[in-house]
Structure formats: structure tokens, C-alpha cells
Amino acid sequence: MGGKILSVASECVPLIKTGGLADVVGALPAALAPLGWHMRTLLPAYRPLLPHLAQMSEVLREADLFGAPARVVAGQIAGLDLLLLDAPHLYDRDGGPYSDTRGDFADNPQRFAALSWVAARIAREGASGWKPDVLHGHDWQAGFASAYLRYHGTGGAASVITIHNIAFQGWADAALIDVLRLPKSAFTADALEYYGGLASLKAALVTADAITTVSPTYAAEIMRPEFGMGLEGVIAARAGDVLGILNGVDPAVWSPELEPIAYSRETLSDKAKNKLALLKDLKLKIKGPLAIIVSRLTAQKGIDLALSAMPEFLDAGGGLAVLGTGDPAFEIALRALAARYPAQVSVKIGYNEAYSHRLFAGGDMVLVPSRFEPCGLTQMYGLAYGTLPVVAAVGGLADTVIHASPAALSAGVATGVVFHPVDAMGFSGALRQALRLYRDAPTWAKMQRQAMALDLGWGPAAAQYAALYQRLIK
Ligand code: ADP
């Protein structure tokens, strides 16, 4: 058992993160190592990563990588066995991984085709004597990698694509097909063509040996038009190669025992100290439960549903603390809600890891009314912290939270409230039920203990990825 895996992604904790993708890419190597799998992670050398190059050594050179020379350097950085693609013409610029203040970078197709090209070359030929058995790409940014293996030679390497969010598909104009080093002969509906253009995620879905996504429910959902976002037919056609593997969370980062005011299942009453301290800092005065939201503020995350449902919850005595950034319209609406309920609602616009920990430690429930959610991480943090999740019945939310139905309550397995249909009425009903459960203190405490007893670590996911790699190598 075991072998070598090249993981290819645009984000990786702790180096660069905009979403849950980075958490997964950062966690996989350590989770797989005990099972005999050596994973190296290839990332673009964005400007903030350039200081690391000094401690790394060159393992590969490209004479012309979409416009200029480039190289790959290797080294142990932040506990990761890292490969960085040093291509200043593509990555040494201001802004985030995909965009700056003016919007998405116009050359994103080339920037991530470059990452994929180099990944495929390492998989095919190796780099400084290290040749992976499997290329594991993440999302559209690595989508062309398996296409390059298919059309330029695999060198015996197998490939996996993991879909973290099918809403992002890596669209590129059809006229770029030559520039992107893809064969015109493959510009057909059953291969690279996608609604008249190209999409790197579609390219991966038709060329990778296996397709995974980050929860079993999302794996089934994306074969249907409501969730597939145009790719449902492509995925359904490969149903036998599709696998849903639920993400884990890192207990070394997300454990209430590690917070400044520590608590555990056994010392659950100490959770209240976190709530008191938080309410004091936020200058909130509530008698009822404190709900929290830690999220990108977008329509996907159902922020509009929360805005509609919140007044009833607040009028009934609840409180709300929000941490997030995103759509300016939602930021404005949330601030207006805070202005209307100054003693009950706090809204912080921004990205703040430390403060998010305080919210999970001090909150009573975490709200995740997403319209779609491939896996979702914040409901899992909520479970680990006894901050019970109130979630929409979609994707990974449905796979991780057990609804407080009468049967689940009496069986002693309920861990939250799961609602559908995913609309404002559905969410209002869920909040009413959450409030009722909260007021039944023994039941609430029992649910908290049930949630906190779950094993949410990476063990099960690592075992499933390992089994998949093994199957592909055979
Ligand atoms: P997505 O990847 O769709 O944004 P996930 O729930 O899978 O959603 O992952 C989001 C991750 O980002 C979680 O780790 C969450 O705690 C974190 N996060 C989101 N917004 C913020 C914020 N404003 N401050 C701190 N952490 C955040």
C-alpha cells in the first residue's frame, strides 16, 4: 500500500487561502502520510509566497511557460512538502490569487493552465527524480492538468479531480485553444467544448481517471440540473467514477479545549464564560441564544434568507454575531440590521481567523442557510464546539448534521436543526425550532454533548482517498 501523489491547487493553508479548498489541500498531506502516501503540493508562487523561494531549490525549468521562462522550486515550508511554480509574469502581482481591485485577472486561463501544464509535466516525467503515481488536481485551477496528460501523454500517471465548488468552472474563450496547448480535434461536445467555449473544470471531468467531490450528498446533487450548473450531464455520464468524500477538520486547530477559556464535553458549563465575555466585548445584551454566522456574504450562503428570518428570532430574544465579507449589498443590509437591533446584533466585516474562534466558543448556534454547500466547514466547527448548527438540507450540511426530529432526539443522535425547503419560511421555521430546543436546557445540553462526541478529523477521508489512489494505480 502507498505511493506518491502530486496535489495541485491554487490555495493551501497556511500559505494562501480564500475558502475551504485551502483547508483541504493543507490538511491532506499530513492525513495521508501515516497511510504510506507521500503527497507533495504544487502551488503558484504568488507575490506573498516569494520570500520562501530563498530556502527552496530548483527542480524543473520551463523555457516558455505561456509567455516567459519559469521554474519549479521545492522545499519544506510550513510543514508541507511544497513545490512552487515561480513564474513572475503570471503570479508576481498585487491582489489575491484570482483578482485585484479591478476584478478577475484577464489572463486567468493562462495563469492556471500554466500551473496545470507544469503539474502534468511533473506527473509525466518526474522532477529531480521524484515521479508521482497519481496527479490529484483541485477545482478548475488544476482542471487542464488531466487534459494535458490525456493529449500530451500520461507517462503512466493516473489522475483525480476533486470538485470543491462546481459554481467555479474556469471558463475560457474558444479562441484560446491553441494558446492553451490543447488540440483543436478535441473541441467537441464529448471532450473540451463547453457551450461554445472552454472550461477547465469540464476538461478535467472528461479526462481525469476519477472524480471526487467533498460530500456524498453533493456528489449526487451535481448530477442534477438544480446543482450541476451546466455540468450535470457530464458528471452523470461518469457516475461510476464519481465519489463523495467528506472533508474533515483539524482538531489541533478546532477544539474548544484549546481556546483561551477552555471547555470540553465534560466541562460544558464553562462554555457560558465564553459567551459572557463575547457579549461584553460586543456590547450586546441578550437573554436568549446567541446565533453566529462566519461566512462569505454571498447568495450561495443564503445571507438573504438570514436577513429575512432574523427579525422574528431577534424579537423573540435571540442575538446575532456575524463575521464575513462579500457582496456589498449584504454587508449594507447586515449593518442596517445591527443599527435596528444595536443591543442584539453585531456585524464585523472582514476576515479574522482569531475572532472566528471566539464566535464558535461563545455562540450557542451557528447558522448555515446555504442554497448549495459542497461540504461546508463552519457547521463542523459548530459541532466540535457544541455551537449547534442550524443548516439547510443540502450537500455536506445534510451529511454532517443530524436533525432534531423526534426519532433522532429519542435515539440520542440529534446534533442540530436541518431544514428544507431552503427558503426564508423554511429557515424561519428552523430558527423557531432551535429556539424551542434551546429553552429546553437538558435537551440542548444533551445535543451539545452528542455533537462534541463526534469524530470530525481527517482519518476517514484519508482512508477513502488512499483506497481510491490504490485502485487507480492498479
Ligand atoms: P467556502 O469555501 O464556500 O467559503 P467553507 O465553509 O467550506 O465555505 O469554508 C469557509 C472557511 O473560511 C471556513 O474555514 C470558515 O471558518 C472560513 N471563513 C469564512 N469567512 C471568514 C471570515 N470572515 N473570517 C474568518 N474565517 C472565515
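Ignoring ligands, DNA and RNA, how do Glu193, Glu353 rank by accessible area with a 1.4 Å probe, largest first?
Numbers: Glu193 45, Glu353 85 Å².
Accessible-area ranking of Glu193, Glu353, largest first: Glu353, Glu193.
Which translational diffusion coefficient, to the nearest whole µm²/s, is obtained for the chain from the Stokes-Einstein equation, given a Kirkwood hydrodynamic radius over C-alpha pairs, 10 °C and 1.306 mPa s? Could you put the intermediate results ahead of the total?
On the way: Rh = 23.2 Å.
For these conditions, the coefficient is 68 µm²/s.
For the pair Asp94 and Lys474, what calculated FRET efficiency results from E = 1/(1 + (r/R0)^6), where r is the Cβ-Cβ distance and R0 = 45 Å, to the nearest 0.05? Working shown, then result.
Values: r = 46 Å, r/R0 = 1.03.
Taking R0 as 45 Å, the efficiency between Lys474 and Asp94 is 0.45.
Using a 1.4 Å probe and counting only protein heavy atoms, arrange Phe227, Phe112, Phe168 so the residue with the most accessible area comes first.
Details: Phe227 30, Phe112 5, Phe168 105 Å².
Sorted by accessible area, descending: Phe168, Phe227, Phe112.
What distance in nm separates the two pseudo spin-label positions at Leu53 and Ala467, each 7 Å out from Cα along the beta-carbon direction?
4.3
Among rounded, prolate and oblate, which fits region 256-452 when a ≥ b ≥ c are the square roots of the eigenvalues of its C-alpha gyration tensor, a/c under 1.5 means rounded, and a/b larger than b/c means prolate? Please list the in-between numbers first.
Values: a/c = 1.42, a/b = 1.12, b/c = 1.27.
It is rounded, given that a/c, with a ≥ b ≥ c, falls under 1.5.
For region 95-125, list residues with backbone N below 13 Å from a point placed 7 Å from the Cα of Phe187 toward its Cβ?
Output list for this probe position: empty.
Using 7 Å Cα-to-Cβ label points, what is the Ala220/Leu258 separation (nm, one decimal)?
Label at Ala220, label at Leu258, 3.3 nm between them.
What's the extension gain from Arg340 to Ser308 if we count 0.36 nm per residue and subtract their Cα-Cα distance? Write down the numbers at each step before the final one.
Numbers: separation 32, 0.36 × 32 = 11.52 nm, distance 1.37 nm.
10.2 nm is the gain from fully extending Arg340 to Ser308.
Give me the extension gain from Ser269 to Ala411: residue separation times 0.36 nm, minus the current Cα-Cα distance, reported in nm with one decimal. Could the numbers behind the result be given before it?
Values: separation 142, 0.36 × 142 = 51.12 nm, distance 2.37 nm.
Extra length from Ser269 to Ala411 when fully extended: 48.8 nm.
Find the accessible area per residue for the chain; the probe is 1.4 Å, ligands and nucleic acids are left out, and the unit is Å².
Working: 18130 Å² over 474 residues.
Result: 38 Å² of accessible area for each residue.
By DSSP, what percent of the beta bridges with both residues in the chain are antiparallel, rounded to the nearest 5?
Numbers: 20 of 69 bridges.
Rounded to the nearest five, the antiparallel share is 30 percent.
When the chain is fully extended, how far beyond the present Cα-Cα distance does Ala33 get from Ala316, taking 0.36 nm per residue of separation? Let's see the in-between values first.
Numbers: separation 283, 0.36 × 283 = 101.88 nm, distance 4.97 nm.
Computed gain between Ala33 and Ala316 is 96.9 nm.
Please report the relative contact order for region 9-127, taking Cα pairs under 8 Å with a sequence separation of at least 6, and give it as a percent rounded to a whole number.
On the way: 157 pairs, mean separation 25.3, N = 119.
It rounds to 21 percent for region 9-127.
State which entries of Lys17/Lys131; Lys301/Lys474; Lys4/Lys271; Lys17/Lys184; Lys17/Lys202 exceed 31 angstrom in Cα-Cα distance in the structure shown. All intermediate terms of the calculation are to be shown ahead of the outcome.
Values: Lys17/Lys131 27 Å; Lys301/Lys474 40 Å; Lys4/Lys271 43 Å; Lys17/Lys184 35 Å; Lys17/Lys202 24 Å.
Those over the limit are Lys301/Lys474; Lys4/Lys271; Lys17/Lys184.
With a point put 7 Å past each Cα toward its Cβ, work out how far His152 is from Trp130 in nm, to one decimal.
Rounded to a tenth, the inter-label distance reads 2.0 nm.
Which FRET efficiency value, to the nearest 0.05, do you get for Lys283 and Asp104 by plugging their Cβ-Cβ distance into 1/(1 + (r/R0)^6) with R0 = 45 Å? Intermediate results must be reported in sequence, preceding the final value.
Numbers: r = 39 Å, r/R0 = 0.86.
So, using R0 = 45 Å, E works out to roughly 0.70.
Just to confirm the number: angle between the C-alpha axis of helix 459-473 and the first principal axis of the chain, 0 to 90 degrees, nearest 10?
20
Given a Förster radius of 35 Å and the C-beta distance between Gln300 and Ala441 as r, what FRET efficiency does 1/(1 + (r/R0)^6) yield to the nearest 0.05? Provide the component values of the computation, followed by the final result.
Numbers: r = 34 Å, r/R0 = 0.98.
For Gln300 and Ala441, the calculated efficiency is 0.55.
Return the Rg/Rh value of region 191-250, two decimal places, where both radii are evaluated on C-alpha atoms and Rh is the Kirkwood radius.
On the way: Rg = 11.9 Å, Rh = 12.0 Å.
Radius of gyration over Kirkwood radius for region 191-250 works out to 1.00.
The values are calculated or read from the model by the stated rules, or taken from the named source; none is laboratory data. Worth saying up front: this structure is predicted, and the values here are computed from it rather than measured. In this analysis, Cβ positions are derived from the backbone assuming ideal geometry, glycine residues included, and neighbour counts consider all displayed protein chains. Protein only, heavy atoms only, side chains kept; ligands, DNA and RNA dropped before computing areas. Shrake-Rupley method; radii C 1.70, N 1.55, O 1.52, S 1.80 Å.
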